[in-house]
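The values are calculated or read from the model by the stated rules, or taken from the named source; none is laboratory data. These numbers were taken from a predicted model, which means no experiment stands behind them. So basically every Cβ, Gly included, is an ideal-geometry build from the backbone, and we count neighbours across all protein chains shown.
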Amino acid sequence: MIKQIKSSEIKKFIESNPGTVLLDVRTEDEWNTIGKPDTQDLKIKSFFITISQDPSFLDNVKKNINKKDQVLVMCAAGGRSIIAANLLKNEGYNVLNVTDGFSGNGEDPGWKKSGLPSIINN
């Protein structure tokens, strides 16, 4: 079972887990038009590796993210990130799914509206 976390809980989680990294699995078009999380102020690394129709997704993750890291997996609203989180867990990664993603899921506001640092594109 994949652990779940809401965007509103991320700052507190990172304080207790400084080795955390963020993996955003949305598409390049989404990053360019909707925006990206900016994790510099949170003092964690972020990786942007799309899962959509990308057969090299796992290879790209393995090249960039250490299995020792705590990985927050995020998409737009939590659907693709749970798929990615399951794939990564099966590979031995310690993952949490960001349930409301970058844009929110209708119930929770998401990274962008939770006051977390973002690079917003217009």
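May I ask you to list the residues in region 46-56 that are modelled with pLDDT of 95 or more and surrounded by fewer than 19 Cβ atoms within 10 Å (Cβ to Cβ)?
SER46, PHE47, PHE48
LYS62 - would you say it is over 14 Å from the mean Cα position of the chain (by Cα) and not in a loop (DSSP other than H, G, I, E, B)?
yes
Is region 38-56 home to any residue that is assigned to a strand (DSSP E or B), among the hydrophobic types (A, V, I, L, M, F, W, C) and in contact with a Leu (Cβ under 9 Å, 6 or more places away or on another chain)?
yes
Given the residues THR39, THR33, which is the only one that is surrounded by fewer than 17 Cβ atoms within 10 Å (Cβ to Cβ) and either of a type in the set (Lys, Arg) or touching a residue at least 60 places away in the same chain (Cβ under 8 Å) (or both)?
THR33
Just one of ARG80, ARG26 is among the basic types (Lys, Arg) and outside any loop (DSSP other than H, G, I, E, B); which is it?
Result of the check over ARG80, ARG26: ARG80.
Can you name the number of the only condition in (1) farther than 22 Å from ILE119 by Cβ; (2) modelled with pLDDT under 95 that LYS43 fails?
Among (1) farther than 22 Å from ILE119 by Cβ; (2) modelled with pLDDT under 95, LYS43 violates only (1).
Within region 1-12, work out how many residues are touching a residue at least 60 places away in the same chain (Cβ under 8 Å), surrounded by fewer than 17 Cβ atoms within 10 Å (Cβ to Cβ), assigned to a helix (DSSP H, G or I) and not hydroxyl-bearing (Ser, Thr, Tyr).
Of the residues in that region, 1 qualify.
Among the residues of region 88-122, write down those that are in contact with a strand residue (DSSP E or B) (Cβ under 9 Å, 6 or more places away or on another chain), outside any loop (DSSP other than H, G, I, E, B) and either surrounded by fewer than 12 Cβ atoms within 10 Å (Cβ to Cβ) or of a type in the set (Val, Ile, Thr) (or both).
Residues satisfying the conditions are VAL95, VAL98, ILE119.
Those residues that are within 28 Å of SER16 (Cα to Cα) and without any contact (Cβ under 8 Å) to a residue 12 or more places away in the chain, I need them from region 52-77; list them, please.
Of everything in region 52-77, those that are within 28 Å of SER16 (Cα to Cα) and without any contact (Cβ under 8 Å) to a residue 12 or more places away in the chain turn out to be ASN60, LYS63, ASN66.
Please name all residue pairs, on different chains or six or more residues apart, with Cβ atoms under 6 Å, provided the first residue is in region 86-110 and is under 20 Å from TRP31 (Cβ atoms) and the second residue is buried (at least 18 other Cβ atoms within 10 Å of the Cβ) and among the aromatic types (Phe, Trp, Tyr).
Correct list of pairs: PHE102/TRP111; GLY110/PHE102.
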